[in-house]
Amino acid sequence: MILSNPKGTQDFLPPYGDQKALVENEFRKVVSLYGFSEIVNPTFEHTELYLRSTGLTTDIVTKQMYTFTDKGNRELALRPEGTPGVVRAVLQNKLKLPVRLFYIGPMFRYERPQKGRYREFFQLGVEVIGESEPETDVEIIEMGMRFFNQINLSDLIVKVNSVGCPICRPKFRVQLRLFLDKNLEQICDDCKIRVEQNPMRVFDCKVEKCKEIYHDAPKISDNLCYDCQNHFQAVLKELNERKIPFELDKMMVRGLDYYTRTAFEFVPTGSSELGSQDSVGGGGRYDNLVEDFGGPKTPAIGFALGLDRILICLGNALTSRKLVYIIALDAQALKQGRQLLDTLRNAEIPALINPPDKNLRAALGIADNLSCEYVIIIGANEMQKKVYTLKNLTQRSQQEIPQDKIVEVLSKK
Ligand code: AMP
């Protein structure tokens with residue numbers, strides 16, 4: 001029997017499993033304020049879907065995809081990202097446009113695992129399909145920031161850039177290629193390949209020397225066509241007007257082939273727990289993807305947030321466990337305790353009762369292991385006085401509460 005989990009995967013042990021669910025629920029709440037509905041797609045799709053969208057020159061597709069042939073000889077891939085599956089489902093099911101969808105679920109990439117980088121990881125994503133206005137771009141950036149504020153992760157900045165469109169990019173690529181050819185000797189081997197396959201991708205390089213060189217390279221956001229330029233200026237103006245903390249980052253091009261115009265990343269400021277894995281989310285417009293899939297010309301924009309990285313940044317900040325542990329000391333008290341268990345649960349107070357064969361010390365030990373904040377003790381004394389002994393395990397205090405007041409007292413805590 002193999003006793004360890006596969007490399008690059010994680011078990012979300014308590015309390016992190018609960019924390020993950022809390023973050024997911026906050027996300028659901030925030031995006032529903034902006035009219036998003038949940039979509040649940042398969043975790044695997046035809047490999048071709050990703051080849052035709054995420055892109056033939058992206059690391060995600062060329063190096064990181066988990067692909068397999070099934071028993072019916074179909075070429076399939078575990079999804080490395082959410083957008084292609086969502087767009088496929090919208091087209092296949094002829095959903096009415098515009099549509100606002102969100103998803104939560106695991107993604108798979110064969111990466112070199114490190115803190116904040118896994119082979120199975122979870123994303124919280126949104127897609128707006130059928131809206132072209134710059135206001136939509138800013139609205140969803142603002143929505144992302146609202147979500148981060150909601151979970152108390154407010155030390156964040158949005159990096160923004162425009163990556164142009166198929167009208168402005170070819171001209172720019174020639175210009176960039178000239179610059180790169182001049183510097184070919186000095187750039188890393190990976191970048192030499194990028195120059196051949198997709199020169200703009202050099203800006204994704206993490207090698208310091210390369211980054212220095214690319215500072216002086218021509219930038220796409222300085223070389224936009226008229227329409228892209230107008231769109232980008234409108235986005236920047238709106239971001240300023242809404243006082244969203246952003247930084248124009250001309251080097252940020254984002255790693256996927258289908259992005260057009262606005263591209264952005266949410267990056268923690270200050271001393272982040274993440275180390276070199278700095279972005280907690282990113283997104284952008286993809287105004288041609290629907291058409292590339294054979295649909296009508298349809299503008300679209302989305303983002304995906306990394307849930308694993310969000311949890312790392314939060315630490316224990318969101319853990320809230322209000323479990324009450326009832327300890328009944330004899331058979332009669334146990335009967336009373338079971339009724340109380342129902343009463344508490346009906347009042348939406350999470351509660352458990354100790355097994356009948358445990359003595360007080362052993363039962364308190366269990367309550368401690370479960371990180372319960374409160375214990376209710378019921379023994380002969382309590383039964384006679386019609387009270388419960390309420391013990392606060394964190395403050396190490398206790399008091400007697402009349403039986404008919406217990407729900408009221410605990411609800412206020
Ligand atoms: P991407 O889909 O590459 O644009 O990534 C969007 C977000 O997903 C990133 O900002 C990360 O927070 C998260 N992410 C991407 N790849 C990984 C990974 N291998 N492990 C954990 N989180 C990831």
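In order along the stretch 347-358, phi translates into HN-Hα couplings of 8, 6, 9, x, 8, 9, 10, 6, x, x, 8, 9 Hz, rounded to whole numbers, per the Karplus curve 6.51 cos²θ - 1.76 cosθ + 1.60 with θ = phi - 60° and x for Gly and Pro.
A simple spin-label model places the labels of Gln197 and Leu178 2.7 nm from each other, with each point 7 Å out along Cα-to-Cβ. For the stretch 164-196, there are no residues whose amide N sits under 11 Å from a probe point set 7 Å from the Cα of Glu212 along the beta carbon direction. Helix 331-346 and the longest principal axis of the Cα set of the chain meet at an angle near 40°.
The slack in the chain from Ile244 to Ala347, taken as 0.36 nm per residue of separation less the alpha-carbon distance, amounts to 33.0 nm. Computed packing ranks the peptides 20-29, 325-334 as 325-334, 20-29, most packed first, by mean other Cβ atoms within 10 Å. In straight-distance terms, cross-link reach from Lys297 covers every one of the lysines whose alpha-carbon lies under 22 Å from its own, apart from those fewer than eight places away in the same chain; here that gives Lys94, Lys96. Close amide-amide hydrogen proximity is noted between Cys165 and Cys225, Arg261, each under 5 Å apart and 5 or more residues distant or on a separate chain (H modeled in the peptide plane; Pro and chain starts excluded). Taken one residue at a time, the phi angles of the stretch 208-220 give Karplus couplings (6.51, -1.76, 1.60, θ = phi - 60°) of 3, 4, 4, 4, 4, 4, 6, 4, 8, 6, x, 10, 4 Hz. Gly and Pro are set to x. Excluding Ile193 itself, what net charge comes from residues whose Cβ is under 13 Å from its Cβ, given Lys and Arg +1 and Asp and Glu -1? My count for the surroundings of Ile193 gives -1. Listed by chain and number, the lysines placed with their C-alpha closer than 29 angstrom to that of Lys358 are Lys322, Lys335, Lys385, Lys386, Lys391, Lys405, Lys413; residues fewer than eight positions away on the same chain are left out.
Note on Ser4 and Gln114: their simple-model spin labels are 2.0 nm apart, each label 7 Å out from Cα toward Cβ. Pairs of Lys residues in the stretch 169-220 that lie 8 or more places apart, or on two chains, and have C-alpha atoms under 19 angstrom apart add up to 13. With K and R counted +1 and D and E -1, the other residues having a Cβ less than 11 Å from that of Asn392 yield a net charge of +2.
Any read-out appearing in this document is the output of simple, stated calculations on the displayed coordinates, not a laboratory observation. If you're wondering where the values come from, they're calculated on a predicted model, not measured in any experiment. Heads up, the Cβs are rebuilt from the backbone with ideal geometry, glycines too, and the neighbour counts pull from every protein chain shown.
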